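So the structure is just underneath, and the comments pick up after that.
The values are calculated or read from the model by the stated rules, or taken from the named source; none is laboratory data. What you are looking at is a predicted structure, and each value in this text was computed from that prediction instead of being measured. So basically every Cβ, Gly included, is an ideal-geometry build from the backbone, and we count neighbours across all protein chains shown.
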Amino acid sequence: MADRDRKGREDAADAGGAALPASGPDHPQHSLRAPRRRQVQESLIGGVLFLGSAVSVLTTIGIVGVLIYESVAFFRAVSPFEFLTGTRWAPLFVPQSFGVLPLLTGSLLVAAGAAIVALPIGLASAIYLSEYAKPRVRNVIKPALEVLAGIRTVVYGFFALTFVTPILQGIWPETQIFNALSASLVVGVMIIPVVASLSEDSMNAVPTALREAAYALGATKLEVAIRTVLPAALSGIVASFILAISRAIGETMIVAIAAGATPNLTLNPFESVQTMTAYIVQVSMGEVSFGTVEYQTIFAVGLTLFALTLLMNIASIFVLRRFREVYE
Amino acid sequence: MNGLAGRGQERFAPRSKLRYGKGRAARALFLLATFVGILTLVVLLVDVLTQGVPHLSWNFVNSFSSRFAERAGIKAALFGSLWVLVLTAVISFPLGVATAIWLEEYAPRSWVTKTIQMNIANLAAVPSIVYGILGLAVFVRWFEMGQSVIAGALTLTLLILPVMIIAGQEAIRSVPNSIRLASYALGATRWQTVRRQVLPMAMPGILTGTILALSRAVGETAPLIMIGAVAYVPFVPDGPFDQFTVLPIQIFTWISRPQPEFHDIAAAGIIVLLVVLLSFNLIAILLRNRFAKRS
């Protein structure tokens, strides 16, 4: 339908632009063809607009190009095998060591903690908003969740360090000042709106007829929500989960502030860890000179981060396309 | 519900009490979960306000940062943020609108268009720090702009463009097709149609999207740290090639100090940042209303 509209629009545009036949011999001076100057102007404008669009393509090429170019230089000095399997990350100290695993587990530890917080809470919020909430309640809760999504990450970092960490230390005295737990709890809160709003969208898209059919069979509201709506909206929900976790892995300021700066191959959430993003921030804040291996670590770690999040984003798009239940 | 008497009852037991009980419990649980996020928001705001408000003063807004917490202020960061903001807006708005127009009104249905569209969706999900790496390598090093306002603005432009383009496309798509057809029927060219019919109608949506994207740029920290906007800056930038710092980075450097006094002024800085962001959203709403009335 949309395609047909568009086709009509394009035909009409071409007609307006050039293709109308000139009028009959009675009025030779009143040609309906657009003046030549205007035709040139039209195609110029089209070209300029296209150039604008090219910026986004150039951005991608720039990101991939820069990351690969500098990483290649890095991998001339450090073998990719050492990078991917080494268990000690210490590029700024002597003896240097370039095993990315501590940073990777740091990122994954924080992301896993965040997922444990955000996925159930976000999904439950989505179910409440889509299946239970009256319009008046929704109109209050949805904007509040949008505000939550609008809070800047540096603010969340402040909250994690000065509010959440002291509470954790009160409960578990062995908690270090910088610790993975505090960061992952707060990253979790940060990604709740991602899960909630995307999941709710896909649950709203489930046709009412499906719910009514379930009610007609005697299901309770909960059974309708869990056994009918949830499975029907599953692709959107899974996509929102993947996207939220990818967001947690890419999150920088909260972990840079609250999780610390000690590359630490551990799964203990009470200890300080360093994520890939926090490492990149740490290096760029110090005085590392251009062209050294230390400088190139930014790009090697950045490439790892970019590849990981890109894979997850593609996976979420794939899940949405492949497993979408289409009604009507 | 319990009225199903007779022979069938042994085989069909609705267990209504249990099931409705479960339903009520689940409802309470869902409601509780919904309030976790909102409650955290309230606690966070109260925490920031109680710590920050006592340190807010005209002096705080109007002085430069300092090694002494009681003398430190946020002037350089505030002006730095404004500089970056204005430059980012000036660069990103035409680019974003041009791309949105091209994709919606000009682009042929081809794999090129599809690739560009897909590419924009992917760019929107790239972690912001990766844009910082790009900015560091391309603008700071390659183009030798140094750690300047313009390098920061260009980096943030690339960061927010995908969001702006997607918002712009939605706004343009919401213009009814009959408007375009009517314009063509009167002999208008494609650009005349876009310029005089589509854009004015789509403008409120485009502006709202732009301002929301810009408010994201104002709060963005990591990419600007990457391009080196962390240095101690005791002055207001004079031009696009000056060094600078911005609000979130100033807040970050204060948080990173071990002394609790600096945490308090970080809270005060956060309040300034939140006020800036809030006024942005207010402007977005006002602009939208103004344009909505006109068209």
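Could you say whether any residue in region B:212-233 is crowded, with 17+ Cβ neighbours inside 10 Å, farther than 30 Å from A:G260 by Cβ and modelled with pLDDT of 90 or more? Walk me through it before giving the result.
Keep residues of region B:212-233 that are crowded, with 17+ Cβ neighbours inside 10 Å, which gives B:212-230, B:233.
Then drop every residue that is not farther than 30 Å from A:G260 by Cβ, which leaves B:212-214.
Now restrict to residues that are modelled with pLDDT of 90 or more: B:213-214.
Checked against the condition, which is being crowded, with 17+ Cβ neighbours inside 10 Å, farther than 30 Å from A:G260 by Cβ and modelled with pLDDT of 90 or more, region B:212-233 yields at least one hit.
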Of the conditions (1) farther than 17 Å from B:T99 by Cβ; (2) aliphatic (A, V, I, L, M); (3) assigned to a helix (DSSP H, G or I), B:V230 clears all except one; give me its number. (3)
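Results for (1) surrounded by 21 or more Cβ atoms within 10 Å (Cβ to Cβ); (2) within 7 Å of chain B (Cβ to nearest Cβ); (3) aliphatic (A, V, I, L, M), shown as yes or no for each residue.
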{"position": "A:V55", "(1), (2), (3)": "no, yes, yes"}
{"position": "A:A77", "(1), (2), (3)": "no, no, yes"}
{"position": "A:E82", "(1), (2), (3)": "no, no, no"}
{"position": "A:S125", "(1), (2), (3)": "yes, yes, no"}
Identify the single condition in (1) under 30 Å from A:F290 (Cβ atoms); (2) crowded, with 23+ Cβ neighbours inside 10 Å; (3) under 19 Å from the mean Cα position of the chain (by Cα) that B:L136 does not satisfy, given that it satisfies every other one. (3)
Search region B:262-285 for residues that are within 22 Å of B:R71 (Cβ to Cβ) and in contact (Cβ under 8 Å) with a residue 60 or more places away in the chain and pair each with any residue that is surrounded by fewer than 20 Cβ atoms within 10 Å (Cβ to Cβ) and among the β-branched types (V, I, T) when their beta-carbon atoms are under 8 Å apart and the residues are at least 6 apart or on different chains. B:A268/B:V53; B:I271/B:V53; B:V272/B:V61
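Select from region A:96-123 the residues that are of a type in the set (V, I, T) and surrounded by 16 or more Cβ atoms within 10 Å (Cβ to Cβ) and write down the one among them that is nearest to A:S182 (Cα to Cα).
Let us first name the residues in region A:96-123 that are of a type in the set (V, I, T), namely A:100, A:105, A:110, A:116-117, A:121.
If we keep only those that are surrounded by 16 or more Cβ atoms within 10 Å (Cβ to Cβ) as well, we get A:100, A:105, A:110, A:117, A:121.
Details: A:V100: 23, A:T105: 16, A:V110: 9, A:V117: 12, A:I121: 17 Å.
Across region A:96-123, the extreme among qualifying residues is A:V110.
Just wondering, is there one or more residues in region A:176-184 that are of a type in the set (V, I, T), surrounded by fewer than 20 Cβ atoms within 10 Å (Cβ to Cβ), more than 10 Å from every other protein chain (Cβ to nearest Cβ) and closer than 21 Å to B:D264 by Cα?
Looking only at region A:176-184, we keep the residues that are of a type in the set (V, I, T), and these are A:177.
From what is left, the residues that are surrounded by fewer than 20 Cβ atoms within 10 Å (Cβ to Cβ) are A:177.
Narrowing the set further to residues that are more than 10 Å from every other protein chain (Cβ to nearest Cβ) leaves none.
Taking every residue of region A:176-184 in turn, none turns out to be of a type in the set (V, I, T), surrounded by fewer than 20 Cβ atoms within 10 Å (Cβ to Cβ), more than 10 Å from every other protein chain (Cβ to nearest Cβ) and closer than 21 Å to B:D264 by Cα.
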Residue among B:V130, B:V138 that alone is facing chain A (nearest Cβ under 9 Å), assigned to a helix (DSSP H, G or I) and modelled with pLDDT of 95 or more: B:V130
Reported set for region B:65-100 where residues are surrounded by fewer than 18 Cβ atoms within 10 Å (Cβ to Cβ) and part of a loop (DSSP other than H, G, I, E, B) is B:S66, B:R67, B:F68
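If you scan region A:122-154, which residues turn out to be closer than 30 Å to B:P223 by Cα and modelled with pLDDT of 95 or more? Show your work before the answer.
We begin by selecting, within region A:122-154, every residue closer than 30 Å to B:P223 by Cα; these are A:122, A:142-154.
Listed by number, the list holds a single entry, A:G122.
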Between residues in region B:214-238 that are under 14 Å from B:Q250 (Cβ atoms) and among the acidic types (D, E) and residues that are at pLDDT 80 or above and not in a loop (DSSP other than H, G, I, E, B), which pairs lie under 8 Å by C-beta distance while being six or more apart or on different chains? B:E220/B:S128; B:E220/B:L156; B:E220/B:L159; B:E220/B:P248
Restricting attention to region B:173-191, the residues that are surrounded by fewer than 19 Cβ atoms within 10 Å (Cβ to Cβ) and either not small (G, A, S) or not in a loop (DSSP other than H, G, I, E, B) (or both) number exactly 9
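Just for helices (runs of 4 or more DSSP H) wholly inside region A:208-314: which have at least 3 residues that are in contact with a helix residue (DSSP H, G or I) (Cβ under 7 Å, 6 or more places away or on another chain) and without any contact (Cβ under 8 Å) to a residue 60 or more places away in the chain? Don't jump to the end; show me each part of the working.
Working: elements: A:208-216, A:234-250, A:253-258, A:276-285.
Passing ranges, in order: A:208-216, A:276-285.
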